[in-house]
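The values are calculated or read from the model by the stated rules, or taken from the named source; none is laboratory data. Source: prediction; values computed, not measured. Cβ placement follows ideal geometry from the backbone for every residue including glycine, while neighbour counts extend to all protein chains displayed.
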Amino acid sequence: MCSHSHMEKALSGMLPEELFSFMQFDKPFRARQIFKWIAAGAKTFDEMTNLSLADRTGFDGKYSIYSTKVSRTEKDPDGTVKLQISLADGTAVETVLLTDAAGRKTACVSCQVGCPLHCAFCRTGDMGFSRNLSTGEIVEQFLHLEAIAGRLDNIVFMGMGEPMLNLPAIRKTVEILTHPEGRGLSRKRITVSTAGICEGIYSLADEGPDIRLAVSLTAADDGLRSELMPVNKANPLSALKEAVKYYNEKTGRRVTLEIPLLGGINTDRKMAGKLAVFSENLNVHINVIPWNSVPSLPFTSPPSAETTAFVKTLEEYGLNITVRKKRGKKIGGACGQLGISRAPD
């Protein structure tokens with residue numbers, strides 16, 4: 001029975017000490033060399049010029065650096081890039097590169113094939129759930145994007161899937177990407193976004209890693225939130241607020257509350273008021289995200305006047321707000337639009 005044992009034979013998902021034992025080196029520095037090359041984007045041993053020719057040739061047939069490949073690339077005129085990544089078992093995920101007005105580049109990576117949470121407004125939730133991604137499969141999304149776009153500034157675990165349901169792989173991905181002998185990404189530049197799984201928020205607060213946290217809140221009303229996000233039934237708003245407060249106090253970090261705005265559904269003054277009440281005594285920042293339409297789902301993007309009125313009400317309550325600019329919607333690469341589970345034949 002080798003269900004996923006083959007998955008982590010890719011060197012991309014290993015730390016230097018694991019490479020050392022897996023490749024049976026006699027000296028640790030050789031594992032560090034390979035780790036550094038992979039972080040720098042090498043996809044073949046041939047590119048690793050400080051290894052001996054005998055090693056490069058010998059390793060070539062014996063080890064796989066990557067287990068995934070890019071099967072499709074789409075580019076939006078606004079600079080957003082979406083990659084479809086084929087996995088070794090025939091499934092596929094999507095990963096997105098976002099570029100902001102200041103030119104900062106962010107990798108939005110997936111952590112599961114599909115998603116078990118079934119949020120009503122998310123295309124991924126419509127697909128059902130196949131499995132968690134391995135560490136290598138997550139790391140490779142970042143490296144595939146860097147191969148196309150050059151050095152990236154940030155990574156967000158905000159693509160397909162719920163990161164708190166695959167926390168061991170998220171933790172290890174962070175360890176690999178922040179490793180001083182590898183990619184050396186700063187933890188300050190890493191965000192994990194959850195649909196509100198309290199247990200995961202406590203675990204992150206207590207055991208790290210010390211990265212940024214975003215919570216997809218959508219609505220601060222239990223009835224509406226449970227309808228839109230079934231995860232709310234087991235993680236109701238009162239419990240979620242406690243978890244966010246604990247995270248604030250334990251880490252000293254602010255938490256971002258994400259509000260995808262659905263036209264006519266969670267945009268009225270009453271909803272803004274409930275959001276203000278939820279935010280009381282919390283160190284939070286509100287990120288308002290006008291919803292991006294998905295043809296198969298029964299929602300609409302709010303007209304800009306509706307978004308403006310909602311934001312204005314929040315401002316009257318003295319909340320900290322940003323409105324996310326829509327990016328990548330021409331290629332289905334925007335928030336809530338990702339969804340591929342089988343690789344094309």
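Taking the criterion of being surrounded by 17 or more Cβ atoms within 10 Å (Cβ to Cβ) and out of contact with any strand residue (DSSP E or B) (no Cβ under 8 Å at 6 or more places or on another chain), the residues of the stretch 174-212 that qualify are Ile176, His179, Gly182, Arg183, Ile197, Cys198, Ala205.
Residues are listed down the side, and each one gets a yes or a no for (1) modelled with pLDDT under 95; (2) in the same structural domain as Val156 (by TED's automatic domain parsing); (3) in a helix (DSSP H, G or I):
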| residue | (1), (2), (3) |
| --- | --- |
| Lys36 | no, no, yes |
| Ile85 | no, yes, no |
| Val93 | no, yes, no |
| Cys122 | yes, yes, no |
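Within the stretch 70-88, the residues that satisfy the criterion of being surrounded by 15 or more Cβ atoms within 10 Å (Cβ to Cβ) and basic (Lys, Arg) are Lys75, Lys82. Taking the listed residues Leu338, Leu297, the one that is more than 22 Å from Cys111 (Cα to Cα), of a type in the set (A, V, I, L, M, F, W, C), within 25 Å of the chain's Cα centre (by Cα) and at pLDDT below 95 is Leu297, with no other qualifying. Residues in the stretch 44-82 that are touching a helix residue (DSSP H, G or I) at 6+ places or on another chain (Cβ under 6 Å) and of a type in the set (Lys, Arg): Arg56, Lys82.
Consider Lys105 carefully, then state whether it is out of contact with any Leu (no Cβ under 7 Å at 6 or more places or on another chain) and either more than 26 Å from Pro298 (Cα to Cα) or surrounded by fewer than 23 Cβ atoms within 10 Å (Cβ to Cβ) (or both). No; evaluated as a whole, the condition is false for this residue.
Which numbered condition trips up Gly58, out of (1) in contact (Cβ under 8 Å) with a residue 60 or more places away in the chain; (2) closer than 27 Å to Met14 by Cβ; (3) not in a strand (DSSP E or B)? Exception for Gly58: condition (1).
On the basis of being surrounded by fewer than 21 Cβ atoms within 10 Å (Cβ to Cβ), of a type in the set (A, V, I, L, M) and either out of contact with any Lys or Arg (no Cβ under 8 Å at 6 or more places or on another chain) or at pLDDT below 95 (or both), does Met160 make the cut? Even if it seems obvious, please write down each step before you answer.
Working: surrounded by fewer than 21 Cβ atoms within 10 Å (Cβ to Cβ): no; of a type in the set (A, V, I, L, M): yes; either out of contact with any Lys or Arg (no Cβ under 8 Å at 6 or more places or on another chain) or at pLDDT below 95 (or both): yes.
No.
Pro16 - would you say it is closer than 21 Å to Leu177 by Cβ and either among the hydrophobic types (A, V, I, L, M, F, W, C) or surrounded by fewer than 16 Cβ atoms within 10 Å (Cβ to Cβ) (or both)? Here the answer is no, as Pro16 does not meet what is asked.
Going by the structure shown, is Leu97 closer than 21 Å to Arg189 by Cα and either small (Gly, Ala, Ser) or outside any helix (DSSP H, G or I) (or both)?
Details: closer than 21 Å to Arg189 by Cα: yes; either small (Gly, Ala, Ser) or outside any helix (DSSP H, G or I) (or both): yes.
Here the answer is yes, as Leu97 does meet what is asked.
State whether one or more residues within the stretch 206-215 are β-branched (Val, Ile, Thr), more than 22 Å from Gln141 (Cα to Cα), at pLDDT 95 or above and not in a strand (DSSP E or B). Checked the stretch 206-215: no residue is β-branched (Val, Ile, Thr), more than 22 Å from Gln141 (Cα to Cα), at pLDDT 95 or above and not in a strand (DSSP E or B).
When the stretch 61-83 is filtered for residues that are under 30 Å from Thr322 (Cβ atoms), in a loop (DSSP other than H, G, I, E, B) and either in contact with a strand residue (DSSP E or B) (Cβ under 7 Å, 6 or more places away or on another chain) or without any contact (Cβ under 8 Å) to a residue 60 or more places away in the chain (or both), the ones remaining, listed by number, are Gly79, Thr80.
Counting only residues that are over 26 Å from Glu242 (Cβ atoms), without any contact (Cβ under 8 Å) to a residue 40 or more places away in the chain and part of a loop (DSSP other than H, G, I, E, B), the stretch 269-297 holds 2 of them. Residue check: Ser226 meets all listed conditions (1) surrounded by 18 or more Cβ atoms within 10 Å (Cβ to Cβ); (2) closer than 24 Å to Trp291 by Cα; (3) of a type in the set (Gly, Ala, Ser); (4) touching a helix residue (DSSP H, G or I) at 6+ places or on another chain (Cβ under 8 Å) but one, namely (1). Only a single criterion out of (1) closer than 30 Å to Gly103 by Cβ; (2) in contact with a Ser or Thr (Cβ under 8 Å, 6 or more places away or on another chain); (3) β-branched (Val, Ile, Thr) is not satisfied by Thr251, namely (2).
In the stretch 190-213, what residues are small (Gly, Ala, Ser) and under 15 Å from the mean Cα position of the chain (by Cα)? Steps first, answer last, please.
Pass one, the stretch 190-213, residues small (Gly, Ala, Ser): 193, 195-196, 200, 203, 205, 208.
Within the stretch 190-213, Ser193, Ala195, Gly196, Gly200 meet the criteria.
Being hydrophobic (A, V, I, L, M, F, W, C), modelled with pLDDT of 95 or more and not in a loop (DSSP other than H, G, I, E, B) is a description that applies to Leu143.
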